[in-house]
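Contents: one structure, followed by commentary.
The values are calculated or read from the model by the stated rules, or taken from the named source; none is laboratory data. Remember, predicted model here, so these are calculated numbers, not experimental data. Please note: Cβ atoms are built from the backbone with ideal geometry, for glycine as well, and neighbour counts cover all protein chains shown. Side chains included, ligands, DNA and RNA excluded: accessible areas come from the protein's heavy atoms. Shrake-Rupley method; radii C 1.70, N 1.55, O 1.52, S 1.80 Å.
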Amino acid sequence: VQLQAFGGGLVQAGGSLRLSCTASRRSFSRYAVGWFRQAPGKEREFVARINWSSGGTYYADSMKGRFTISRDSTKNTVYLQIDTLKPEDTAVYYCAADRKIDQIFTAVSAYDYWGQGTQVTVSS
């Protein structure tokens, strides 16, 4: 599975962005898709995950409220909506696919395929 994340950009604090993750060559139907982010000098951290077939979602505790993960099966695309952006949301955001769909995994090492990342920069 080849993943591509896009939709990042430079936004002012308080604004919103919707990131997209698409898969080429294969449908997401047998995967769970997660979003992660990595700020400069920090480790990559889990944001949210969606089970493609069931639609079930899971969020990191610190991401609940302003982040919404969703999918569009007609477009084979997973979205991450980020509202009320803060400067501390500045990071490269990555999407990743996990073949293990029966449990919820948040570790970077659990995911099998990764996209290239999209930069989100929030100005104050």
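Couple of notes before you dig in:
- Filtered residues of segment 77-98 (kept if within 23 Å of residue 26 (Cβ to Cβ) and either aliphatic (A, V, I, L, M) or assigned to a loop (DSSP other than H, G, I, E, B) (or both)): 78, 80, 96, 97
- Any pair with Cβ under 8 angstrom, 6 or more apart, that starts in segment 41-66 at a residue that is farther than 15 Å from residue 82 by Cβ and ends at one that is assigned to a helix (DSSP H, G or I) and open to solvent by less than 70 Å² (accessible area, probe 1.4 Å): 44/108
- Scanning segment 8-45 for residues that are within 19 Å of residue 65 (Cβ to Cβ), assigned to a strand (DSSP E or B) and open to solvent by 20 Å² or more (accessible area, probe 1.4 Å) yields a count of 5.
- Only residues that are open to solvent by 30 Å² or more (accessible area, probe 1.4 Å) and either within 15 Å of residue 97 (Cα to Cα) or part of a strand (DSSP E or B) (or both) were counted in segment 55-72, giving 8.
- Those residues of segment 99-115 which are assigned to a loop (DSSP other than H, G, I, E, B) and under 19 Å from residue 4 (Cα atoms), in sequence order: 99, 111, 112, 115
- Candidate set: segment 95-118, residues that are acidic (Asp, Glu) and touching a strand residue (DSSP E or B) at 6+ places or on another chain (Cβ under 8 Å); chosen: the one surrounded by the fewest Cβ atoms within 10 Å (Cβ to Cβ): 112
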